[in-house]
Each structure stands twice: as C-alpha cells, then as structure tokens.
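Structure first, then comments.
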Amino acid sequence: MKYETIMGLEVHVELATKSKLFCACSTEFGSDVNENVCPVCAGMPGTSPMVNRKAIELAITAGLLTNSEISPRITFDKKNYFYPDLPAGYQLTQLFAPICKNGWVEIETDAGKKKINLVQIHLEEDAGKLIHDDWMDTTLIDFNRASVPLIEIVTRPDFRSAEEVVAFLEKLRSLLSFADVSDCKMQEGSMRCDINLSVREKGSDKLGTRTEIKNMNSLKAIAAAISYESQRHIDALETGEEVLVQETRRWDDSIGATFSMRGKEDATDYRYCPDPDIMPVFIDDEWIDAVRSNLPETAQDKFIRLTQKLGLPEYDSEIITRSKNLSTIFDETLQYYNNPKEVANWIIVELLSIAKGDNKGEDDVRIDCQKFAKLIELVDGRTINRNVGKKILSLILEEGIDPVEYVEKNKLGMINDTSLISSTIQEVLSENPKALEEYKAGSKKVHGFFVGQIMRKLGGKANPQIINKLLTEALKEI
Ligand code: ZN
Ligand code: MN
C-alpha cells in the first residue's frame with residue numbers, strides 16, 4: 001500500500017427538542033406538509049428569532065460527552081446563500097463563537113483504540129425539504145424541517161479507514177442517543193454525514209486535493225463511498241488522466257459511484273456575518289454543572305451495571321446496550337418484574353425475533369412494559385408454558401391484550417395434572433402403532449413426534465417437563 005486516505009467528518013445531528021431553534025413551531029416528524037411553519041421559520045422580514053434554551057442544553061450535553069470545552073459566550077451568524085429550501089436566504093449557524101471546541105471521542109476498531117479529535121460542535125438550523133415530483137414535472141417545498149435545530153460535529157482529519165469512520169459514527173450514535181440528545185436515526189435523516197477525503201503517498205506530509213462527499217445516511221453506503229472515492233483519487237494520482245479538483249460530490253448508491261455536484265467553495269463565499277437580531281447567549285459554569293448533573297447513564301455505564309451488578313452475560317448486555325430503545329424497555333420491564341436474566345432472554349430471543357419478522361429494527365420496537373413483565377412472570381412462575389407465552393406476546397404487540405386477563409378468560413393455564421397427561425400419553429401411543437414400532441426399532445426422533453401429538457391433544461397448554469418425564473417412563477415400559 002503506497003497511499004493513505006485521510007478523512008475528516010462533518011456530522012449533522014438533529015436535536016430532540018419539541019420546538020424549532022428560533023420559534024415555537026413543532027419539530028414533530030411525520031406532520032402534514034407545511035403544518036409546522038410560522039413567519040419566523042418561513043424567513044419573513046421583520047420577525048425576531050428567539051433562541052431555544054433546550055437546544056443549547058442538548059448541545060452542552062453533546063459537548064460534555066465528547067470532552068469538549070464549552071464556550072462561555074456564543075453568537076449566531078448568517079451564512080448567506082440562495083436555495084429554494086432556505087426561505088430567509090441565509091442559514092443561521094455559528095462561525096465566530098461555536099458552542100463547543102477541542103473535544104475528542106475514543107473509538108475502538110480491530111486495530112485497537114484511537115482518539116478522534118473534534119475541531120468544534122456548533123448549533124445551526126436545518127433547511128426545508130424539496131420534493132421533486134417527476135409526474136407533475138414540478139418541485140414542491142415542505143418547510144416543516146426549516147429551522148429544526150441541529151448540531152454539526154466537525155472532526156480533525158484523523159480518519160485513515162472506513163472502519164474508523166463507521167466506529168466513530170456508531171460511538172456518536174450511542175453517546176448521543178443514550179443521553180436523549182437525538183434519536184440519531186440515519187435512515188430518517190436525523191444523523192447525516194459529510195466526508196472530506198484526500199489521498200497522499202505514505203510518508204508525505206503534504207495533503208492531497210480534497211473532495212467532499214455530501215449527506216451520507218447509511219453506514220453501508222459510507223463504507224462503499226469511501227472505498228470508491230479513495231480509488232478514484234489513487235487512479236488520478238497514478239495515471240494523471242483525471243485531474244482532481246476541490247469539489248463537492250454526491251454518492252449514488254444505485255450506481256455505486258460519486259458524481260460532481262459543485263466546485264470549490266470557501267467561507268468567504270458565504271459572506272458570514274453575525275445576526276444583529278440575536279443577542280449573544282452566556283453560558284456560565286452553574287448552567288454547565290446543572291446539565292452535567294442531569295446526564296443520563298451512558299451505554300458504557302449501563303453495560304457495566306448489567307454485567308457487574310445484575311450478573312447478565314456480556315453477550316446479553318452487549319445486545320441490550322447497543323440500542324437506547326432496548327435498554328429502556330429492559331429497565332422499565334425490570335421495574336415490574338425483577339428477574340434480569342429472564343427479562344433479557346425475552347427481549348433478545350422473543351421480542352427481537354418478532355420485530356425482525358415485522359421488518360423493524362431494534363430502535364423501533366414498542367411494547368407496554370407492564371404487560372410484558374406480567375407475561376414473563378406468568379411463564380417464569382409456570383402458570384403458562386413458554387409456547388403459550390410466545391403467542392400472548394404477539395397479542396400484546398398487536399392488540400394490546402392484558403396477559404393475566406387473557407389467560408384466565410381463555411383458560412390457558414398450564415396443565416400440570418399428571419393423571420390427565422398420563423392417560424393422554426396412553427391414547428397417543430395406542431393411536432400410533434406405526435410410530436411405536438419405529439421407536440422400538442431404535443428411532444429416537446419419534447419421541448419428539450409423540451410430544452407434539454400429546455401437546456396438541458392438551459391444547460398446547462401442558463407442562464412440557466411433565467410430558468417429557470412421563471413419556472420417557474411410559475416408553476421404557478414398552
Ligand atoms: Zn416557526
Ligand atoms: Mn452544517
């Protein structure tokens with residue numbers, strides 16, 4: 001390997017505030033088109049923006065989680081450019097006094113641990129959304145997203161491989177989602193990543209020509225785009241046929257290539273200037289301490305609690321703490337039924353397999369934890385068997401049934417009556433002489449067939465341990 005790829009990232013993360021950055025409009029995802037718009041976020045002249053306090057606190061939280069310095073005084077600046085999704089003709093962002101500076105995040109890859117340094121984290125507003133309608137041959141604009149608060153996390157050019165980039169984004173997602181700064185859903189656009197990339201000969205201290213790949217929103221696409229763009233740079237350096245220019249490029253996932261979007265742009269092109277309508281915001285130590293004292297448990301702390309205090313295996317703890325949503329379900333369910341191992345089992349084995357069947361990710365599973373806990377208790381206390389429990393779990397998810405009421409009403413309680421089970425065993429054996437012959441001839445799998453038949457006759461409700469024990473005894477006597 002003669003060359004090395006050098007990358008820096010700009011990561012935009014949508015903050016989990018209820019209202020927009022400078023007005024009281026809702027930020028709810030999935031509202032009607034242009035439902036959440038007012039004169040301020042529509043960029044009307046003469047309106048006066050007010051800074052959202054919660055957005056500042058979430059940015060401070062992001063700063064604390066990334067070991068950043070928090071600035072004592074912040075301002076907002078206009079970044080001027082024209083685009084139809086930007087109604088004011090400028091984006092309000094922070095150039096001169098960003099809220100966080102000089103942080104770092106530790107990542108871990110197969111090559112070991114590494115510190116990724118951050119230049120800064122700044123607050124800014126999002127733009128609206130253009131909807132291109134090919135059928136009508138028009139473009140429509142939805143301003144619901146206009147002025148939704150974002151933080152932009154800018155790293156130093158510390159990345160040398162796609163693996164490091166992916167590890168960093170996963171670490172950020174974990175840090176920020178566990179602290180409720182953002183849900184960090186790449187597929188919904190609440191976390192997007194721009195990659196600045198250049199290639200140089202190993203050992204050289206001069207940076208090569210840099211290109212930027214914009215708005216990446218899946219880890220798989222990011223890895224593919226980095227590999228493609230690195231190779232394009234190397235080919236250009238080797239053959240000289242293609243001339244590299246500083247430009248912004250777009251990744252086309254269906255074609256598997258990057259395409260030029262626009263040429264070089266510098267800060268001066270945007271004529272940044274402080275917005276005179278927004279007063280500087282002062283952040284004192286007291287405010288920072290208040291935010292710090294409310295920091296929720298990180299994924300890492302939770303992993304330690306699950307393994308060391310609750311005695312869960314590392315495998316289970318790893319799966320649960322990979323997703324903020326799963327670990328919230330775990331903690332809440334545990335409040336109603338305090339058996340960590342069983343709760344973890346039901347989440348990992350049953351809940352996740354149903355979610356997978358419904359094409360839902362770990363972050364999209366929703367369940368009433370109180371009902372979930374009741375169900376686990378019914379199975380754990382041997383009131384119902386596990387198979388009945390699985391069916392009830394589906395019904396909780398689909399229809400919201402109450403497991404205790406449902407079991408009573410449908411008489412699903414586990415059958416432990418040994419004489420009933422014994423007589424059912426005798427019935428099944430005498431009804432299946434052929435299978436019995438096979439068993440005598442040494443076929444062990446017939447045992448499972450008998451269990452299935454007995455269970456069916458007992459409506460699927462019998463205690464499987466008792467069936468197994470009595471069946472084994474009955475077969476011995478034959
Ligand atoms: Zn508004
Ligand atoms: Mn930005």
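A few remarks follow.
- Overall Cα dimensions of the chain - principal axes, largest extent first, Å: 92, 55, 54
- Length added when fully stretched, residue 75-residue 170, from 0.36 nm per residue minus Cα-Cα: 31.2 nm
- Backbone geometry of region 141-147 corresponds, through the Karplus equation with coefficients 6.51, -1.76 and 1.60 at θ = phi - 60°, to 3J(HN,Hα) couplings of 10, 10, 8, 4, 7, 4, 6 Hz, x marking Gly and Pro.
- Coil-residue trypsin sites (Lys or Arg not before Pro) of region 418-454, DSSP, other Cβ within 10 Å capped at 15: 444, 445
- Modelled spin-label separation between residue 227 and residue 427, with each label point placed 7 Å from Cα along the Cα-to-Cβ direction: 5.9 nm.
- C-alpha long axis of helix 446-457 to longest principal axis of the chain, angle in °: 90 degrees
- Alpha-carbon centroid distance for the pair region 51-121 / region 344-403, whole angstrom: 40 Å
- A protection proxy built from the mean count of other Cβ atoms within 10 Å ranks the segments 107-115, 143-151, 360-368, 183-191, most packed first, as 143-151, 183-191, 360-368, 107-115.
- Cβ-Cβ FRET estimate between residue 331 and residue 85, R0 fixed at 51 Å, reported to 0.05: 0.80
- Straight-distance crosslink candidates among lysines, where the alpha carbon sits under 22 Å from residue 20 and sequence neighbours closer than 8 are dropped: 54, 78, 79, 129, 185
- Backbone geometry of region 379-387 corresponds, through the Karplus equation with coefficients 6.51, -1.76 and 1.60 at θ = phi - 60°, to 3J(HN,Hα) couplings of 6, 5, x, 6, 6, 10, 8, 5, 5 Hz, x marking Gly and Pro.
- Rg/Rh (Cα only; Kirkwood hydrodynamic radius) as it applies to region 3-282: 0.97
- Ellipsoid equivalent to region 418-477 - semi-axes via the Cα gyration tensor, in Å: 18, 11, 10
- Helix 324-336 vs. the chain, principal-axis angle (Cα, 0 to 90°, nearest 10): 40 degrees
- Selection from 430, 475, 447, by position along the positive dipole direction of region 418-477 (Cβ): 447
- Extension gain, residue 214 back to residue 293 (0.36 nm per residue minus Cα-Cα distance, nm): 24.8 nm
- Taking the longest Cα principal axis of the chain as reference, the axis of helix 53-65 is set at about 80 degrees.
- Straight-distance candidates among the lysines for linking to residue 391, with alpha-carbon spacing under 24 Å and chain neighbours fewer than 8 residues away dropped: 341, 356, 360, 371, 374, 409, 411, 457, 461.
- Computed over the chain: relative contact order in percent, which uses C-alpha pairs under 8 Å that are six or more apart: 13 percent
- Residue-by-residue Karplus 3J(HN,Hα) for region 300-312, coefficients 6.51, -1.76, 1.60, Hz, glycine and proline x: 5, 4, 5, 4, 5, 4, 5, 6, 8, 7, 9, x, 7
- Dipole magnitude (debye, nearest 20) for region 321-409, charges at Cβ of Lys, Arg, Asp, Glu: 300 debye
The numbers here are math on the coordinates, done by the rules we state, and not lab data. The model shown is predicted, which means the values in this text are computed figures rather than measured ones. Glycine gets a Cβ as well: all are built from the backbone with ideal geometry, and neighbour counts include every protein chain shown.
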